[in-house]
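Heads up, the thing below is written out as structure tokens.
The values are calculated or read from the model by the stated rules, or taken from the named source; none is laboratory data. Predicted, not measured: the structure shown is a model, and the values here were computed from it. Positions of Cβ are backbone-derived with ideal geometry, glycine not excepted, and every protein chain shown enters the neighbour counts.
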Amino acid sequence: MADKIISESSEWSFPLLERFDREIARLAHDEYGLDTYANQIEVISSEQMIDAYSSVGLPINYHHWSFGKQFVATEQTYRRGHMGLAYEIVINSDPCIAYLMEENSLPMQALVIAHACYGHNSFFKGNYLFRTWTSADAIIDYLVFARHYIAECEERYGDEEVELLLDSCHALMNYGVDRYKRPSPLSMAEEQKRQREREAYLQSQVNDLWRTLPVGRDPADGGVAEHRFPAEPQENLLYFIEKNAPLLEPWQREIVRIVRKIGQYFYPQRQTQVMNEGWATFWHYTLLNRLYDKGLVGDGFMIEMLQSHTNVVYQPAFDSPHYSGINPYALGFAMMTDIRRICEQPTDEDRHWFPDIVGQDWQAVLDFAMRNFKDESFIAQYLSPKLMRDFHLFAVRDDDLEETLEITAIHDEDGYRRLRQNLAEQYNLGTREPNLQVYDVDVRGDRSLTLRHFRHNRRPLGETVDDMLRHIRRLWGFDVRLEAVDELGRVHLLGEA
Amino acid sequence: MSHFIDRRLGSKNKSTVNRQRFLKRYKSQLKRAVSDAVNRRSITDMEGGEQVGIPSRDISEPTFQHGQGGRRDMVHPGNREFEAGDRVQRPEGGGSGSGSGQGRASKDGRGEDDFVFQLSREEFLDLLFDDLELPNLVRNQLLGATEFKTVRAGYTTDGSPSNIDVVRSLKGAIGRRTALGAPHRRRVRELEAALEQLLADGVAETDARVVALREEIDRLKSRIAALPFIDTFDLRYQSFTRQPEPTSKAVMLCIMDVSGSMDQLRKNLAKRFFILLYLFLQRNYDRIDVVFIRHHTIAQEVDEQEFFYSRETGGTVVSSALNLAYEVISERYASGSWNIYAAQASDGDNWDSDSSICRELLINRLMPLMRYYAYVEITPRQHQSLWYAYQDVKAAHPHFAMEAIDGAEDIYPVFRELFRRQDA
């Protein structure tokens, strides 16, 4: 049996990596039926990893000081040894690009290949959010287009001008997403072709909106009915600004659009942290254990891999100094493993809670879960009482009208449903981020823009409001007002810029 | 299916542009941090890179966030003793955590944590000496074309044997031999073909035609062999020419008062000033000589150690140092190819009658030789006669500068003031 072992050494080499990749691919595709994009595995040095880190994990990006800041911060913590670099960065593209760090040992490289190139990769290809919101085959091209375009703008209009615009756009990046409509696919060739047409068209649309001559008003109308613009509140602030801001130049609209598109690209990632990491962790664990079962790797390999795995899925308790919220790797991995357990070795409790999946083929069940959920719904659907007990979960209500915090549910019979609902809600982007909408534009008057914040559970906006209003004002070009609407529908003014 | 690429040799420093932009954007904050750092630094490592911090608040990138207040339901792991319905005190600082992984930064963000990072030596000095320039540098560049540098200038056909370029020469020899031997070789080939033809036709070895052909072939072959392997004609020599170069060397005279009134603290202040000046000159000149002159009633040239650390007592006669400086310059740096700078630090105490001598010395003898002369007076007290005498010098020579320093925090600003870029 020992002679089947691929390598006992901890030094990696390209032939060894290829060998591991082949074995893991065979398992992943043939035995477990994972459907992946082709892999492009790039070996890089740690400095290059820091580079990759600082452009939000994208292999190519436009220039901006904030990436420099990120770079400086990463470099600093890395140098001081406060932080190991992530083992890998993987990019949702087709082919799926994964970075391996040169400094890692062979077992770690194998772990990363299993984790990123087969775990994340199949998630990117299968999950409905990624399928809907991102175009894996076009993102790299689009980034190339964006980088060129912005570089050209910098040349023509000056670094500073572009930087200010990007600052404001970045601030609103999370509010540049269409939540319910599938974006049209991206492609560089088409982008470039269409960009010119779009420029002209957009400007004509804007001009129309701001036409100062009255459009021949229907006299029957009596000229009284004032229509609000926009007719419906808009939640995609960047889109609204791109299409309607009165003073933006065509190139500025294009840059707003670029930031919006990149925000859109990250939108699924922000909603599937637990699932995505859980899925990838589950698969590196499963695949490497299978390699071990087949005698392809030795004990030393497994110990190194398990040590690293254990660190990744460590969940400190709420009162630990290391606690910083629930570790998505830990929760995701536990849930994926638990689903398999429920399929294979259900208890009576599971039969009661998950009648649909008990005794089913675990691969099919997991595959279905991976494809059709996001964190919020995944937790609401699959978090089992056993896991809540394992994690010792409890729910706390923090109400500023009360003197003390209230423990509203713990891991017992009465608490399971509430706990599960609360945790799912915690991953709902809709509640995590303040709900802001474009409410009104004073089209005929001072052109001011009114935003409304719809408060949920009386939670106010943070201290950044004033800065944010200044950013929006810069984009809009005229006064911007922010109003808050409380639960009773009362409206009051929060700020103006 | 999978494709491996080795990118390790690919471009590093992809983030350089972004890093530079970051530094540029926060230049004013960084400058402040750098000047703080200079004051804090120990004098011996004045020129390394530096860890600087700027307030995180200044560089934050805002997004819309939830603030404190309202009602929040959070789920946490690790319950031990809580039961549903329990009431617990709010933890101090509202730190009961941020399950969503977002709230934390803003919650604890009250702290004035600095965003700390490392500047390289270059970046540090760039910021430190940003907007500063050496006064009168233009004049210096016009003046200084007195040095020559030897540079390669192709090949020549004669020169000294030590400059023979062997490869070039042998290449030439091969070419010459090929060219000169070519007609003979062609003829040999023709004759050999004819000979072969004759022999093939059955002509006897002793036939006159055969013998004649053989003789002719041998004759030609010996002609070819006689071509010299190498000829003086082939020799190539590396050629060098001398190019005039603007000189870029400077001498810095550090003149310090070490009389009893200059205590260790003041000497440290002076030293900081000298070091800043040294670093600054170093960025502008390839080579810098430093001359240390210390004085009380008499002046002497000393080494660095003695300059800064030994202590003397006694009265003060500044002119002794100026005289010595003049001597040193005329002895060693008189050639005109030297850019001469001087910095003098003193607490301003001087024999009354000496101050006017100093004035004359400076105005008439030293200042015409100097690029720039900076005088710093380290005293919290009233200025004395020397200060007023120097004011006359300043009036006579615009490249004389003087400033007063109270404490360490003044040094860098004063330095900046002395070397501020003078816009035309």
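Return the residues of segment A:434-461 that are away from chain B (no Cβ under 13 Å) and not polar (S, T, N, Q); say none if nothing qualifies. Give the steps one after another, and end with the answer.
Kept after step one, since they are away from chain B (no Cβ under 13 Å), are these residues of segment A:434-461: A:438-450.
Result: A:438, A:439, A:440, A:441, A:442, A:443, A:444, A:445, A:446, A:447, A:449.
How many of the residues making up segment A:415-470 are part of a helix (DSSP H, G or I) and touching a Leu at 6+ places or on another chain (Cβ under 7 Å)?
Residues flagged as part of a helix (DSSP H, G or I) and touching a Leu at 6+ places or on another chain (Cβ under 7 Å) within segment A:415-470 amount to 5.
Can you tell which of A:464, A:408 is within 22 Å of residue A:166 (Cα to Cα), within 13 Å of another protein chain (Cβ to nearest Cβ) and touching a helix residue (DSSP H, G or I) at 6+ places or on another chain (Cβ under 9 Å)?
A:464
Within segment B:220-256, which residues are among the charged types (D, E, K, R) and touching a helix residue (DSSP H, G or I) at 6+ places or on another chain (Cβ under 7 Å)? Steps first, please.
Narrowing segment B:220-256 to residues among the charged types (D, E, K, R): B:221, B:223, B:231, B:234, B:236, B:242, B:245, B:249.
B:221, B:223, B:231, B:234, B:236 - these are the residues of segment B:220-256 that are among the charged types (D, E, K, R) and touching a helix residue (DSSP H, G or I) at 6+ places or on another chain (Cβ under 7 Å).
Can you name every residue in segment A:398-414 that is of a type in the set (A, V, I, L, M, F, W, C) and either loosely packed, with under 12 Cβ neighbours inside 10 Å or not in a strand (DSSP E or B) (or both)?
Across segment A:398-414, the qualifying residue is only A:401.
How many of the residues in segment B:384-424 are under 22 Å from residue B:258 (Cα atoms), modelled with pLDDT of 80 or more and part of a loop (DSSP other than H, G, I, E, B)?
1
Condition test on residue B:341, is it surrounded by 17 or more Cβ atoms within 10 Å (Cβ to Cβ) and part of a strand (DSSP E or B)?
For residue B:341, the condition - surrounded by 17 or more Cβ atoms within 10 Å (Cβ to Cβ) and part of a strand (DSSP E or B) - is met.
Between a residue in segment B:384-401 that is of a type in the set (Ser, Thr, Tyr) and any residue that is assigned to a helix (DSSP H, G or I), which pairs come within a Cβ distance under 6 Å, given they are 6 or more apart or on different chains?
Short answer, once both residue conditions are applied: B:385/B:352; B:385/B:355.
Going through segment A:337-358 one residue at a time, which ones are closer than 14 Å to residue A:388 by Cα and either assigned to a loop (DSSP other than H, G, I, E, B) or among the aliphatic types (A, V, I, L, M) (or both)?
Listed by number, the list holds a single entry, A:339.
Mind counting the residues in segment A:353-365 that are over 31 Å from the mean Cα position of the chain (by Cα) and under 16 Å from residue A:380 (Cα atoms)?
Counting residues in segment A:353-365 that are over 31 Å from the mean Cα position of the chain (by Cα) and under 16 Å from residue A:380 (Cα atoms) gives 1.
Would you pick out the residues in segment A:108-146 that are charged (D, E, K, R) and assigned to a helix (DSSP H, G or I)? Walk me through it before giving the result.
Step one: of segment A:108-146, the residues charged (D, E, K, R) are A:125, A:131, A:137, A:141.
Result: A:125, A:131, A:141.
Residue B:210 is checked against (1) hydrophobic (A, V, I, L, M, F, W, C); (2) under 30 Å from residue B:341 (Cβ atoms); (3) in a helix (DSSP H, G or I) and fails just one. What number does that condition carry?
Among (1) hydrophobic (A, V, I, L, M, F, W, C); (2) under 30 Å from residue B:341 (Cβ atoms); (3) in a helix (DSSP H, G or I), residue B:210 violates only (2).
What are the residues in segment A:25-52 that are in a helix (DSSP H, G or I), more than 9 Å from chain B (Cβ to nearest Cβ) and either within 14 Å of residue A:291 (Cα to Cα) or in contact with a helix residue (DSSP H, G or I) (Cβ under 8 Å, 6 or more places away or on another chain) (or both), if any?
A:26, A:27, A:28, A:30, A:31, A:46
Failed condition for residue A:484, given (1) more than 12 Å from chain B (Cβ to nearest Cβ); (2) more than 26 Å from the chain's Cα centre (by Cα), with all others met?
(1)
Tally the residues that are part of a loop (DSSP other than H, G, I, E, B) and small (Gly, Ala, Ser), restricting the search to segment A:232-275.
Final tally of qualifying residues: 1.
Among the residues that make up segment B:404-419, is at least one of them under 21 Å from residue B:340 (Cβ atoms), surrounded by 14 or more Cβ atoms within 10 Å (Cβ to Cβ) and in contact with a Cys (Cβ under 9 Å, 6 or more places away or on another chain)?
No, there is no match, as no residue in segment B:404-419 is under 21 Å from residue B:340 (Cβ atoms), surrounded by 14 or more Cβ atoms within 10 Å (Cβ to Cβ) and in contact with a Cys (Cβ under 9 Å, 6 or more places away or on another chain).
Only helices (runs of 4 or more DSSP H) wholly contained in segment B:51-157 count here; list those with 1 or more residues that are at pLDDT 65 or above. Show your work before the answer.
Values: elements: B:56-59, B:103-108, B:121-128, B:137-143.
Per the criteria, B:56-59, B:121-128.
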